[in-house]
Amino acid sequence: MDFVAFATHSVRRAMIGQVRAVFNDAARGETPVQRSADGLFGPESVVWRVHGDVTTMMVGGVAALFLQMLHPAVLAGVWDHSKFRHDMLGRLRRTARFIALTSYASRGEAEAAIARVREIHHHIHGTLPDCTPYGADNPRLLAWVHVTEAVSFLDGWIRYAEPGMSHADQDRYFAEFAVVAEALGADPVPHNRSEALALIAEMRADLRYDARTRAVAKLLLEQPAPNLGAKPFQAMTFAAAIDLLPGWARQMHHLSTPPLAGPAVRLATRRVAETLRWAFR
């Protein structure tokens, strides 16, 4: 191997190692999820295509969090029953691992991950500040979590990976990803883009922005990077996630992307996405 090839190989290994360290908790013995053709989806699925891109999934995942926390009952479940204040990275890592397991692992591993989450949700109940009861296993709340993830993951993919994605493939993505949502007990579950956008429009009447929302959003935005090297990537990811949000959601959060900064954020995110695809290829 000549020097250039060796250097290229070393750079790739270093980048892959940093990414894997963020998503896998070595202290808990976690290793990268292995792809299995005998899973819920398979190599030819749109889910494999969309969920396999590190940058777009990070951007879409953060955007989904900003949308999810606007629902008081979804936010209350996190506020009352989660250690997010002390372990935000751990929470994000566990969510990412669940997506990886249900997308790529064997059917047995995927179903076991779903069963664990259902068991956790079964024990999460409480009361909102206005005395309204809530439960994490409420089908409509699960539907909100699912639809915000599905739309955000897909929109991140389209913006930074496949701008010309066909409407048929977009609808196919929602139909495939619905399998996980239905297994978790969500209802209603959209099976195409128009149903997803209609569900979001319908549920906007339930959304609120208050002191709790502001506190959680602030904690997310001020979350320390896992290491110094990840700091610029994290800042770019958060900026791209805010830019990906629908305008009404940015307004509710009192967030904005300065007009001149938007193109720069998108260009930088696209370059990072292309670099990471090169590394993992």
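The values are calculated or read from the model by the stated rules, or taken from the named source; none is laboratory data. Just so it is clear, the model here is predicted, and its values are computed rather than measured. Cβ atoms come from the backbone with ideal geometry, glycine included; neighbour counts cover every protein chain shown. To get the accessible areas, we keep the full protein, side chains included, count just its heavy atoms, and leave off ligands, DNA and RNA. Shrake-Rupley method; radii C 1.70, N 1.55, O 1.52, S 1.80 Å.
Evaluation of Tyr160 against the conditions (1) open to solvent by 40 Å² or more (accessible area, probe 1.4 Å); (2) in contact (Cβ under 8 Å) with a residue 40 or more places away in the chain; (3) of a type in the set (Ser, Thr, Tyr) shows that the sole unmet condition is (1).
Identify, from the list Val145, Val189, the residue that is crowded, with 18+ Cβ neighbours inside 10 Å, under 24 Å from Gly39 (Cα atoms) and touching a residue at least 60 places away in the same chain (Cβ under 8 Å). Checking each option against the conditions leaves just Val145.
Considering the stretch 120-142, the residues that are aliphatic (A, V, I, L, M) and either assigned to a loop (DSSP other than H, G, I, E, B) or open to solvent by less than 70 Å² (accessible area, probe 1.4 Å) (or both) include one that is modelled with the lowest pLDDT, namely Leu128. Kindly indicate whether any position in the stretch 33-45 is crowded, with 18+ Cβ neighbours inside 10 Å, modelled with pLDDT under 90 and not polar (S, T, N, Q). Checking the stretch 33-45: at least one residue is crowded, with 18+ Cβ neighbours inside 10 Å, modelled with pLDDT under 90 and not polar (S, T, N, Q).
Taking only pairs six or more apart or across chains, which ones have beta-carbon atoms under 9 Å, a first residue in the stretch 38-54 that is acidic (Asp, Glu), and a second residue that is modelled with pLDDT of 95 or more and not in a loop (DSSP other than H, G, I, E, B)? Close Cβ pairs (under 9 Å, with a partner that is modelled with pLDDT of 95 or more and not in a loop (DSSP other than H, G, I, E, B)) amount to Asp38/Arg107; Asp38/Gly108; Asp53/Gly156; Asp53/Trp157; Asp53/Tyr160.
If we keep just the residues of the stretch 168-182 that are touching a residue at least 60 places away in the same chain (Cβ under 8 Å) and surrounded by fewer than 18 Cβ atoms within 10 Å (Cβ to Cβ), which is nearest to His122 (Cα to Cα)? Here the answer is Val179. Look through Ala225, Ala273 and report the one residue that is hydrophobic (A, V, I, L, M, F, W, C) and assigned to a helix (DSSP H, G or I). Within the list Ala225, Ala273, the selection yields Ala273.
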